[in-house]
Amino acid sequence: MGRPDPEEGELPAPVKPPDGGWGWIVLLGCFVITGFSYAFPKAVSVYFKELMKDFHVGYSDTAWISSIMLAMLYGTGPVCSIMVNQFGCRPVMLIGGLLASAGMILASFTTNIIELYLTAGVLTGLGMALNFQPSLIMLGTYFDKRRPLANGLAAAGSPVFLSSLSPLGQVLLEKFGWRGGFLIMGGLLLNCCTCGAVMRPLDMGMKRKMGKAQDKYEAKEMLPIGGKSEEGISTTDGTKKGKKAKKKPKKGKKLLDFSIFSNRGFIIYTISKFILVLGLFVPPILLVNYAKDTGVPDTEAAFLLSIIGFIDIFSRPACGMVAGLKWVRPHVAYLFSFSMLFNGLTDICSARASNYTGLVIFCVFFGISYGMVGALQFEVLMAIVGSQKFSSAIGLVLLIEAFAVLIGPPSAGRLVDALKNYEVIFYLAGSEVVLSALFLGVASYCCLNRGKKEPLPEKNPSVGGGSDTEEAESDVQEAEERSSDNHQPAHSTDNAVVVANEEANHVAEEQRGEGGGCPTADGEVLARDGCNADQMVERDSF
């Protein structure tokens with residue numbers, strides 16, 4: 001990454017999101033993972049007609065395959081959060097890629113619909129979940145200022161893969177049948193392992209190297225050149241070793257942080273997303289079969305999903321760029337609310353489309369609005385809770401959304417079987433999306449804006465455990481203890497005291513500069529120097 005060598009006396013830069021470099025490779029991996037995670041459950045819908053014939057089941061029964069995939073993607077969120085916090089992102093993603101591939105390969109040998117639920121639904125869904133969530137966490141680790149754009153580009157993976165997987169699935173179905181198609185799809189999912197391999201964590205060990213190099217640098221500046229300088233450096237190294245021996249045990253990182261439920265912005269976001277998911281995925285899942293029932297040929301019906309994907313490809317990055325503007329980013333929640341309202345009204349206005357031209361027009365507007373929702377949903381969550389609590393927040397949000405996924409598409413499928421009418425389904429799905437948009441916009445304005453006018457209490461640093469400010473104070477205290485306990489000759493003791501005090505000041509200043517005065521995850525602001533102004537404005541909106 002072009003960092004200076006810490007052993008040569010140069011002062012290395014503080015560890016922070018690079019907003020580029022290897023982050024672009026991480027973004028590419030996140031692009032592929034997002035594509036498989038969101039497009040795959042929709043793309044398998046092209047096989048539903050054949051599955052209904054082979055297994056003698058109704059449409060609602062086959063719709064459970066997509067629903068179980070999405071439910072596993074969402075419902076295993078807390079499990080993914082715990083595994084990521086315990087083992088890291090890369091090992092979890094490698095395991096997830098193997099599980100996703102194995103699920104589709106085993107599904108090609110199933111003999112009944114239940115076995116299909118367990119293989120293509122549960123196993124593949126779990127594998128994609130173990131890839132999807134860690135990839136988003138890594139994206140937030142590598143990007144800060146460019147995070148809205150990065151989220152938009154990564155989210156564009158969904159339409160790109162949707163526009164390619166649906167026609168590919170139709171071709172595989174015609175040439176190899178649904179069993180051969182599932183087998184080949186399982187091989188494609190092995191690419192998730194490659195994406196997991198590139199998720200290299202940021203070098204957190206640089207902080208320890210930085211401290212040692214900077215102490216030596218300061219010792220050379222303060223002490224005369226010659227024997228005393230060497231003596232001061234060796235004394236500094238001795239104090240570093242004493243620090244490891246005497247350092248007090250710090251609180252470990254929580255595997256799942258439930259304190260985010262005290263954040264009103266997080267509660268509003270979670271309720272809104274639950275209502276949204278009830279209707280968001282229904283139109284694209286039902287679209288292909290709706291077109292086939294109206295007399296549209298199979299190939300042209302599958303092409304409708306490609307139209308949505310093609311429009312979505314440009315909608316997501318464009319929306320990410322707009323969300324990153326200085327005057328838009330503090331109000332990104334309202335932009336998210338508008339995108340949901342746009343999507344819901346598109347469903348309602350297009351419910352009466354009864355020919356191919358009307359369905360194409362619906363796909364164009366649905367692609368625009370769907371892309372806006374996809375580009376903003378995780379950016380809004382990151383802005384509310386912050387990067388430190390994002391791994392826990394996304395797991396809990398996805399778990400709550402899983403219940404909506406299990407209710408929405410299967411209920412729509414049952415209504416189709418009972419009423420033989422798609423118009424009612426589009427009205428119902430659109431109304432749910434509009435309700436979620438209105439709730440998010442009104443609740444954010446009424447609850448959060450009024451809350452900003454009240455004086456904010458000072459944050460207790462002991463809450464949450466292991467904060468940067470807490471560690472800085474601990475290091476200062478330890479440095480003072482070392483200076484008082486050091487039983488060396490007079491000249492070595494003086495040098496050690498000077499260096500230890502300088503070390504304590506440096507550690508405290510470094511910790512403040514890295515975010516000690518930034519807004520907390522609950523929207524509380526600590527008035528200290530060194531806070532990123534963009535982050536203060538962004539978090540303050542919640």
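Tell me the residue from Leu106, Leu130, Leu126 that is modelled with pLDDT of 90 or more and open to solvent by less than 10 Å² (accessible area, probe 1.4 Å), please. Before you say what the answer is, go through the steps one by one.
Details: Leu106 fails: open to solvent by less than 10 Å² (accessible area, probe 1.4 Å); Leu126 fails: open to solvent by less than 10 Å² (accessible area, probe 1.4 Å).
After ruling out the rest, the residue left standing is Leu130.
Output yes when any residue across the stretch 178-189 is over 25 Å from Ser369 (Cβ atoms), assigned to a helix (DSSP H, G or I), touching a residue at least 60 places away in the same chain (Cβ under 8 Å) and touching an Asp or Glu at 6+ places or on another chain (Cβ under 7 Å), and no when none is. Scanning the stretch 178-189 turns up at least one residue that is over 25 Å from Ser369 (Cβ atoms), assigned to a helix (DSSP H, G or I), touching a residue at least 60 places away in the same chain (Cβ under 8 Å) and touching an Asp or Glu at 6+ places or on another chain (Cβ under 7 Å). For the stretch 178-197, the set of residues classified as of a type in the set (A, V, I, L, M) and open to solvent by less than 10 Å² (accessible area, probe 1.4 Å) consists of Met185, Leu189, listed by residue number.
In the stretch 289-302, the condition of being at pLDDT below 85, under 23 Å from Val380 (Cα atoms) and either part of a helix (DSSP H, G or I) or open to solvent by 60 Å² or more (accessible area, probe 1.4 Å) (or both) is met by no residue. Within the stretch 401-427, the set of residues being closer than 16 Å to Ile65 by Cβ and open to solvent by less than 60 Å² (accessible area, probe 1.4 Å) comprises Ala402, Val405, Gly408, Pro409, Pro410, Ser411, Ala412, Gly413, Val416, Asp417.
Do we have Phe342 as under 30 Å from Lys145 (Cα atoms), in a helix (DSSP H, G or I) and open to solvent by 30 Å² or more (accessible area, probe 1.4 Å) here?
yes
Every residue, every condition in (1) hydrophobic (A, V, I, L, M, F, W, C); (2) open to solvent by 50 Å² or more (accessible area, probe 1.4 Å); (3) without any contact (Cβ under 8 Å) to a residue 12 or more places away in the chain; (4) assigned to a helix (DSSP H, G or I), yes or no:
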{"position": "Ala154", "(1), (2), (3), (4)": "yes, no, no, yes"}
{"position": "Ser158", "(1), (2), (3), (4)": "no, no, no, yes"}
{"position": "Ser164", "(1), (2), (3), (4)": "no, yes, no, yes"}
{"position": "Val171", "(1), (2), (3), (4)": "yes, yes, yes, yes"}
{"position": "Phe176", "(1), (2), (3), (4)": "yes, yes, yes, yes"}
{"position": "Met199", "(1), (2), (3), (4)": "yes, no, no, no"}
{"position": "Leu202", "(1), (2), (3), (4)": "yes, no, no, no"}
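Listed by first and then second residue, the pairs with beta-carbon distance under 6 Å, at least 6 apart or on different chains, first residue in the stretch 432-448 and open to solvent by 40 Å² or more (accessible area, probe 1.4 Å), second modelled with pLDDT of 85 or more and among the hydroxyl-bearing types (Ser, Thr, Tyr), are Phe439/Ser272.
Residue by residue, here is whether (1) outside the structural domain of Cys89 (by the TED database); (2) open to solvent by less than 10 Å² (accessible area, probe 1.4 Å); (3) at negative phi; (4) modelled with pLDDT of 85 or more holds:
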{"residue": "Ala318", "(1), (2), (3), (4)": "yes, no, yes, yes"}
{"residue": "Ala323", "(1), (2), (3), (4)": "yes, yes, yes, yes"}
{"residue": "His331", "(1), (2), (3), (4)": "yes, no, yes, yes"}
{"residue": "Leu335", "(1), (2), (3), (4)": "yes, no, yes, yes"}
{"residue": "Phe338", "(1), (2), (3), (4)": "yes, no, yes, yes"}
{"residue": "Ser350", "(1), (2), (3), (4)": "yes, no, yes, no"}
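Taken as a whole, the structure places Leu280 among residues that are open to solvent by less than 30 Å² (accessible area, probe 1.4 Å) and modelled with pLDDT of 85 or more.
Looking only at residues that are within 23 Å of Ala155 (Cα to Cα) and aromatic (Phe, Trp, Tyr) in the stretch 13-57, which one is most open to solvent (accessible area, probe 1.4 Å)? Within the stretch 13-57, the match that is most open to solvent (accessible area, probe 1.4 Å) is Trp24. For the stretch 110-117, indicate whether the set of residues that are over 16 Å from the mean Cα position of the chain (by Cα), farther than 22 Å from Ile285 by Cα and open to solvent by less than 50 Å² (accessible area, probe 1.4 Å) is non-empty. For the stretch 110-117, residues over 16 Å from the mean Cα position of the chain (by Cα), farther than 22 Å from Ile285 by Cα and open to solvent by less than 50 Å² (accessible area, probe 1.4 Å): present.
May I ask you to verify whether Gly309 is open to solvent by less than 30 Å² (accessible area, probe 1.4 Å), modelled with pLDDT under 80 and not assigned by the TED database to the domain that holds Ile65?
yes
Looking across the stretch 138-150, the residues that are under 22 Å from Val84 (Cβ atoms) and either modelled with pLDDT under 85 or among the β-branched types (Val, Ile, Thr) (or both) come down to Gly140, Thr141, Asp144, Arg147.
Of the residues in the stretch 391-398, none is over 19 Å from the mean Cα position of the chain (by Cα) and either in the same structural domain as Leu149 (by the TED database) or buried (at least 24 other Cβ atoms within 10 Å of the Cβ) (or both).
The values are calculated or read from the model by the stated rules, or taken from the named source; none is laboratory data. No experiment lies behind these values; they were computed from the predicted model shown. Backbone-built Cβ (ideal geometry, glycine too); neighbour counts: all protein chains shown. In case anyone asks, the SASA skips ligands and DNA or RNA and just uses the protein heavy atoms, side chains included. Shrake-Rupley method; radii C 1.70, N 1.55, O 1.52, S 1.80 Å.
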